[in-house]
Amino acid sequence: MINAPTLNYFATLEIEVAEPQEIGKSIHGERRIIPILGGKISGQNWQGKVLLGGADYQLIATSRLSLLDAHYTIETDQGECIYVHNSAIRVASPEVTQQIKKGEPVDPQQVYFRCAPKFETSAERFQWITERLFIGVGVRKPTLVELTLFEVG
């Protein structure tokens, strides 16, 4: 019998976001682009910042389901850069989804927000993160996204 994978804490991110760029309804759903302004990351024995310039490309597919596709860069406390491609889903009632869209605070217990980030880096001490799977839990606040990431052991 194979044991279930463990989850090992990796890091917590606070990602600052700008007002959404509303593309509107398309053939696939409602498109939005949310510019990333910066932020911070705190891991075990390391810290860093989220750099300006990334974005979260969102598709509100149904009144309940949002598909998120974020691309951004982290710079560690030692100057190493890590590229992040984070795919996520966010599910909430139609009413809560509308509150999130309006930038209103919502109870995180009313939202299923899970992500699967992938990392690329040339930093020697972080090569291992390019060779692992990660999952995370997110909370959307009016001007901030909080993510807690775990390595799948």
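The values are calculated or read from the model by the stated rules, or taken from the named source; none is laboratory data. Because the structure is predicted, anything quoted here is derived from the model rather than measured. Quick reminder, even Gly has a Cβ in these numbers, built from the backbone with ideal geometry, and neighbours come from all protein chains shown. The area values use the complete protein model at the heavy-atom level, side chains included, leaving out ligands, DNA and RNA. Shrake-Rupley method; radii C 1.70, N 1.55, O 1.52, S 1.80 Å.
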Exercise for the section: Tell me, please, whether a residue that is among the charged types (D, E, K, R), in a loop (DSSP other than H, G, I, E, B) and over 30 Å from Gln110 (Cβ atoms) can be found in region 79-91. Expected result: yes
Practice task
Scan region 87-102 and give yes if some residue there is touching a Ser or Thr at 6+ places or on another chain (Cβ under 7 Å) and farther than 26 Å from Gly43 by Cα, otherwise no.
Solution key: yes
Fill in the blank from the handout: Filter region 113-124 for residues that are under 15 Å from the mean Cα position of the chain (by Cα) and open to solvent by less than 60 Å² (accessible area, probe 1.4 Å); the one that is farthest from Tyr57 (Cα to Cα) is Phe119
Fill in the blank from the handout: Going through region 1-31 in order, the residues found to be charged (D, E, K, R) and either closer than 19 Å to Glu146 by Cβ or in contact with a helix residue (DSSP H, G or I) (Cβ under 8 Å, 6 or more places away or on another chain) (or both) are Glu14, Glu16, Glu19
Problem - Residue among Gln127, Gln110 that is farther than 22 Å from Ala4 by Cβ, modelled with pLDDT of 95 or more and open to solvent by 70 Å² or more (accessible area, probe 1.4 Å) - result: Gln110
Completion exercise
Here the qualifying pairs (Cβ atoms under 8 Å; residues six or more apart or on different chains; first in region 95-116 and without any contact (Cβ under 8 Å) to a residue 60 or more places away in the chain; second aromatic (Phe, Trp, Tyr) and surrounded by 15 or more Cβ atoms within 10 Å (Cβ to Cβ)) come out as Ala116/Phe134
Handout entry: Residue among Ile100, Ile82, Ile33 that is under 19 Å from Val137 (Cβ atoms) and not aromatic (Phe, Trp, Tyr)
Key = Ile100
Exercise for the section: Could you tell me whether any residue of region 134-153 is surrounded by 14 or more Cβ atoms within 10 Å (Cβ to Cβ), without any contact (Cβ under 8 Å) to a residue 60 or more places away in the chain, part of a helix (DSSP H, G or I) and not basic (Lys, Arg)? Expected result: no
Practice task
Return the only residue of Arg64, Arg90 being in contact with a helix residue (DSSP H, G or I) (Cβ under 7 Å, 6 or more places away or on another chain) and either buried (at least 18 other Cβ atoms within 10 Å of the Cβ) or at pLDDT 95 or above (or both).
Solution key: Arg64
Exercise for the section: Restrict the check to region 45-53 and report whether at least one residue is outside any strand (DSSP E or B) and without any contact (Cβ under 8 Å) to a residue 12 or more places away in the chain. Expected result: yes
Exercise for the section: Would you mind stating whether Gln99 is modelled with pLDDT under 95, surrounded by 14 or more Cβ atoms within 10 Å (Cβ to Cβ), over 17 Å from the mean Cα position of the chain (by Cα) and of a type outside the set (D, E, K, R)? Expected result: yes
Problem - Hits in region 31-61 - residues which are open to solvent by 40 Å² or more (accessible area, probe 1.4 Å) and either under 21 Å from Phe10 (Cα atoms) or polar (S, T, N, Q) (or both) - result: Lys40, Ser42, Gln44, Asn45, Gln47, Lys49, Leu51
